[in-house]
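Derivation of every value follows stated rules applied to the coordinates shown; laboratory data play no part. Since the model is a prediction, treat every value here as computed from it, not as a measurement. Here the Cβ is made from the backbone with ideal geometry for all residues, glycine too, and neighbour counts use every protein chain on show.
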Amino acid sequence: MIVTRVDKITRNVPTLFKTADRFPMPELPEVEVTRRGISPHITEQVIERVDVRTPMLRWPIPSGLSALVGGQRVTRVERRGKYLLIEVGAGWLIVHLGMTGTLRVLPRAALERLPDKHEHVDIVFGQTVLRFRDPRRFGAILWHARDAGDVADHPLLRALGVEPFSPDFTAQLMFDRTRGRSVAIKQALLAGDIVVGVGNIYASESLFRARIHPARAAGRIALSRYVALAEAIRDTLAEAIAKGGSTLRDFVSSDGSRGYFQLDYFVYDRAGEPCKVCGNAIRQIVQGQRSTFYCPHCQH
DNA sequence: AAGCTTTCCTGGATGC
DNA sequence: TGCATCCAGGAAAGCT
């Protein structure tokens, strides 16, 4: 997509310009910023109804959702990995943004205008509307009733790795969970069963900061290097969330489509450009049908 | 118009 | 041999 085209055309243009109008895939920082952006506007508010215009996202939106949550008050907005959990009395709405999903808080008057064809769902409150837009429809909106038990036991959440900011996320954990495994460390990070929230962009960035080659077998990385990697992951994600925090106001807007942000990347989307540390050309390879960027001099 | 994106699922391979 | 785990590849949809 744009990555390829832009990369060819603007190879030597500063990162800021190159990525200024591009919409990054939602990874953990984007989801967390979304959570912080919408939470103050919907917590303690009563859902009036849910308008579903496109029932088929990645999975079907449960039929009768409006009846299930209508009249219920939102008590909390949490996040688990890249899943947003909107809690009401009877259970949880589980929302995933997929690749192109966004949630925005709009004034209720927005209901009077025709939504565009990608604006699939409106969660309608008294004064506002939480609108889900997702052109590629890889996102999801699901329902987990309280009767069915804790939402953490939902099939999609049960097998997720630890949260990167929890005390459980340690170098020792990464080390233990990768012994004997031949999978490339980049792939192991993306799999999300050790630590959640590290997507394609932040995997490349974190590995650069930890000076680890993305194709290195996860089982052949020493504990001391996982110490660096765990720290790099936390730092990278925290920085991205901090940058996103400055754009929170964009979540409440009648027409703004921004709301995300751009970290200054060391390697991501910089194929052929000089490494910001050593000056050698950044390389691009494909792992598991996805692009990886790294510095052949700094990373081993 | 083929490549790019995320995640879950499938099925073959591997290991105890 | 059987069961569990690992890991590569495929699918979904829209954009350029």
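In chain A, helical runs assigned H by DSSP with n ≥ 4 each contribute -39500 (n - 2.57); averaged across all residues and rounded to the nearest 500, the mean residue ellipticity at 222 nm is -8500 deg cm²/dmol. Label reach from A:Met25 (point 7 Å along Cα→C-beta): in region A:281-300, amide nitrogens under 19 Å belong to A:283-295. Given R₀ = 51 Å, what would the calculated FRET efficiency be for A:His300 paired with A:Trp59, taking r from the Cβ atoms and rounding to 0.05? E(calc), rounded to 0.05, equals 0.80. With the simple model of a label 7 Å out from the Cα in the direction of the Cβ, A:Leu223 to A:Asp235 spans 2.2 nm. Counting beta carbons within 10 Å around each of A:Glu30, A:Glu44, A:Glu231, A:Glu87 and listing the fewest first gives the order A:Glu44, A:Glu231, A:Glu87, A:Glu30. Expressed as a rounded percentage, what relative contact order does chain A have, with Cα pairs under 8 Å and six or more residues apart? Across chain A, relative contact order equals 18 percent. When the square roots of the Cα gyration tensor eigenvalues are ordered a ≥ b ≥ c, the ratio a/c for region A:28-158 is under 1.5, which makes its shape rounded. Look at where the Cα atoms of region A:204-224 and of region A:136-187 average out, and the two centres are 20 Å apart. Rg of the Cα atoms in chain A, relative to 2.2 N^0.38 Å, amounts to 1.05. Simple point charges give the picture: +1 on the Cβ of Lys and Arg, -1 on the Cβ of Asp and Glu, and for chain A a dipole about the Cα centre of about 920 debye. Pairs of lysine residues in chain A that meet both criteria, 8 or more places apart or on different chains and Cα atoms under 22 Å apart, total 8.
Going from the residue with the fewest nearby Cβ atoms within 10 Å to the one with the most, A:Met174, A:Met56 rank A:Met56, A:Met174. Overall, the ratio between the Cα radius of gyration of region A:161-294 and 2.2 N^0.38 Å, rounded to two decimals, is 1.11.
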